[in-house]
Amino acid sequence: NLPCTIGITLFPKDGKSPQVLLKNADAALRQAFREGVSVRPYSEDLSQVARHRLAIEQGLKQALDDGEFSLNFQPKVNTITGKPIATEVLLRWLNKGKWISPAEFIPISEESGIITEIGEWVLTQACQQWIRWAEQGLNPHPMAVNVSAQQFIQSGFVQRVAQILQQTGMPATKLDLEITEEVASEYPKKVIKTMSKLKQLGIHIVIDDFGTGYSSLSYLSRFPIDTLKIDQSFVSKMENSESDAAIVRMIMSLAKELNLKVIAEGVETEKQRQILVDLGCDYIQGFYFYQPLNSQQYQALLTQQVN
């Protein structure tokens, strides 16, 4: 059976000309894709959603040229000592004086294909920032950069990463690349090949959002990865949900069997930290220790550690 997705408009309620009817049917079709349904009738609110999404997409195309993007840094800490040992690079967008949530603009950038250009900018900026701090004698931590599916499976991705490292002077061993479990499970053979090449460069590989996808365990054992990152949706509920706590325990057990490190993200309470300590989790990331810091704040943290 061939899958089929349909957007429906009705004359004259949804439009009186072929052009308007087709435009509204397309809006309904796109929404059906996003909702994961086969059929979606048009409604007036979809026009407002479509206009907003179009404005975000157009803004994204100008954001790089207009210098609207910036980087934040959220430390990853040793679970027992609480001392920062690495940091995750986070993208922020200030558009016309208003901060746009990544939860809003990242999916749109992925749908429009702009994510590959943005992702390359983030990687380049992160490497340049690391070098600036290193030249100041601040001994910067390893940096983790998120890589989108489109970016990771793109031909020439490994070569481009190697080129950025060479141009900036960033040591490959100080770079972690995070890809989601969904990407790894959807393109396993291609992902294994790409990961292997990145590992040859000295880069560390992290599987992000682990537990939310549907990884084949047979493939997972073949991925040349260093770390599993437990999704915050499980961490936030494990205090009160036995099923979520069981998933965290299972991931910890699996990681130990595969000789992998584990990061738990979204840690916000002492009880959560203690549970993770008891389970032998290696690293923690979350508001309990640090919120995302801008470059000046993170530099102050590095300076404090040096001194």
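Read-outs throughout are calculated quantities, based only on the coordinates presented, and are distinct from any laboratory measurement. Only a predicted model underlies this, so the values are computations on that prediction, with no experimental measurement involved. Backbone-built Cβ (ideal geometry, glycine too); neighbour counts: all protein chains shown.
Computed from phi, the 3J(HN,Hα) profile of region 53-63 under the Karplus parametrisation 6.51, -1.76, 1.60 (θ = phi - 60°) reads 5, 5, 5, 5, 4, 5, x, 4, 5, 9, 4 Hz, with x in place of Gly and Pro. Using the Cβ-Cβ distance between GLN296 and LYS197 with R0 set to 30 Å, the FRET efficiency from 1/(1 + (r/R0)^6) comes to roughly 0.25. Fully extending the segment from ASP66 to ASN240 would add 58.1 nm, taking 0.36 nm per residue of separation and subtracting the current Cα-Cα distance. Taken about its Cα centre, region 158-293 carries a charge dipole of about 760 debye when Lys and Arg each add +1 at the Cβ and Asp and Glu each add -1 at the Cβ. Taken as Cα centroids, region 130-167 and region 231-301 sit 24 Å apart, rounded to the nearest whole angstrom.
The amide H of ALA86, built 1.01 Å from its N in the peptide plane, has LYS76 as neighbours under 5 Å, considering only residues 5 or more places off or on other chains.
Dipole of region 38-140, Cα-centred, from +1 at each Lys and Arg C-beta and -1 at each Asp and Glu C-beta, to the nearest 20 debye? The calculated dipole for region 38-140 is roughly 340 debye.
Using the structure shown, list the pairs from LYS229/LYS261; LYS76/LYS199; LYS237/LYS271 with a Cα-Cα distance above 18 Å, or answer none. Correct reply: LYS76/LYS199. Whole-Hz Karplus values for region 126-137 come out as 5, 5, 5, 5, 4, 5, 4, 5, 5, 5, 8, x Hz, taken residue by residue from phi with 6.51 cos²θ - 1.76 cosθ + 1.60 and θ = phi - 60°; glycine and proline positions read x. Among (1) 1.05; (2) 1.11; (3) 1.29, only one was calculated for this model; which label is it, if the read-out is Cα Rg over 2.2 N^0.38 Å? Evaluating Cα Rg over 2.2 N^0.38 Å on these atoms matches (2). Magnitude of the charge dipole for the chain, about its Cα centre and with charges confined to Cβ atoms of Lys, Arg (+1) and Asp, Glu (-1), is about 480 debye. Protection proxy ranking for 276-289, 132-145, 3-16, using the average of other Cβ atoms within 10 Å per residue and placing the highest first: 276-289, 132-145, 3-16.
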